[in-house]
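Here's the structure, in structure tokens; my notes come after.
No lab work stands behind these numbers, since they all come straight from the coordinates. Small disclaimer: the values here were computed from a predicted structure and weren't measured. Please note: Cβ atoms are built from the backbone with ideal geometry, for glycine as well, and neighbour counts cover all protein chains shown.
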Amino acid sequence: MKTKVTTLENKAAGEIELPKDIFGIEVRQDILHRMVEWQRAKRQAGTHKTKTISEISGTTKKPYKQKGTGNARQGSLRSAQMRGGATIFGPVVRSHALGLNKKFRKLALRMALSAKHKEGALFIIEDAQPKDAKTKKIAAAFAKNGWDKPLIIDGAKVDEGFAKAARNIKYVDVLPTIGANVYDILRHKQLILTKDAITHLQERLK
């Protein structure tokens, strides 16, 4: 699977052979959906909490006598029907994380990469280390390449100057290879990989 390599300035920089087992496999929407749901669930803090009757401050004394008042019988001012009372079956602190094994997660990442390649939205660049890392010039380079909502994935480390310049541009994200994930790949229109990123992805997904 030969693919052309360009520079950030949209100049030809040769070709690269993409591994078919990473960028050319069959894409299944159900697997991608499960992976996105796994990521979204894992991101939830799970810190929502309401107070039960044992956590409400207040007296344990019966509000008034059982009979003779004309009111409905009450046993506690901390009950759910009373103002400031407890919440019944309310949310508690818990983890929302779902279970997906490593083999499944790797497969989903391969499919996300293959999906971008199939759509023609995968671009390979020589590197992401511009000589003049200014937001204006980076934005102009993206416009020249026709990238309006790109995700740029670099090698083990991202060039600090490039990352700072790119983060000022709307809809642009820059990640190291270790941060490559299905959710971010799918929510961006274009996926831009450096040659170094492809090497690291091969090692990660082998």
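Quick notes on this structure:
- Within straight-line cross-link reach of K103, lysines at Cα separation under 17 Å, skipping those fewer than 8 residues along the same chain: K206
- Placing unit charges on each Cβ (+1 for Lys and Arg, -1 for Asp and Glu) gives the chain a dipole about its Cα centre, and among V36, S79, A140 the Cα reaching farthest toward its positive end belongs to S79.
- Using θ = phi - 60° in the Karplus curve 6.51 cos²θ - 1.76 cosθ + 1.60, the 3J(HN,Hα) couplings for the stretch 63-68 round to x, 7, 5, 5, 10, x Hz; x is entered for Gly and Pro.
- The residue list L109, L186, G90 was ranked by how far each Cα lies along the charge dipole of the chain toward its positive end, using unit charges on Cβ atoms, and G90 comes out on top.
- Stokes-Einstein diffusion for the stretch 50-90 at 37 °C, viscosity 0.692 mPa s, with a Kirkwood radius from C-alpha pairs, works out to 302 µm²/s.
- Restricting the GluC sites (Glu not before Pro) of the stretch 1-88 to loop positions (DSSP other than H, G, I, E, B) with no more than 15 neighbouring Cβ atoms within 10 Å leaves E9, E26, E55.
- Sparsely packed loop sites in the stretch 50-119 (the trypsin sites (Lys or Arg not before Pro) outside DSSP H, G, I, E and B with at most 16 other Cβ atoms within 10 Å) comprise K51, K61, K65, K67, R73, R83, R94.
- Positive contributions from Lys and Arg (+1) and negative ones from Asp and Glu (-1), summed over other residues with Cβ under 12 Å from the Cβ of D21, come out at +3.
- Lys, Arg +1 and Asp, Glu -1 on Cβ, resulting dipole of the stretch 113-164 about Cα centre, debye, nearest 20: 200
- 3J(HN,Hα) from dihedral phi, the stretch 186-191, Karplus parametrisation 6.51/-1.76/1.60, rounded to Hz, x for glycine, proline: 6, 7, 9, 6, 10, 10
- Remark: spin-label model distance R83-T199 equals 7.0 nm, labels positioned 7 Å along the Cα→Cβ axis.
- About the Cα centre, charge dipole magnitude for the stretch 66-206 (Lys/Arg +1, Asp/Glu -1 at Cβ), debye: 760
- Loop chymotrypsin sites (Phe, Trp or Tyr not before Pro), the stretch 88-192, which have at most 14 other Cβ atoms in a 10 Å radius of their Cβ (DSSP): F89, Y171
- Estimated vicinal HN-Hα couplings, Hz - the stretch 46-52 in sequence order (Karplus 6.51, -1.76, 1.60; Gly, Pro = x): x, 9, 5, 7, 10, 7, 8
- Taking label points 7 Å from Cα along the Cα-to-Cβ direction, S54 and A13 give a separation of 6.2 nm.
- Only one residue of T69, P19, F123 has its Cα farthest out toward the positive end of the dipole of the chain, where Lys and Arg carry +1 and Asp and Glu -1 on Cβ, and that residue is T69.
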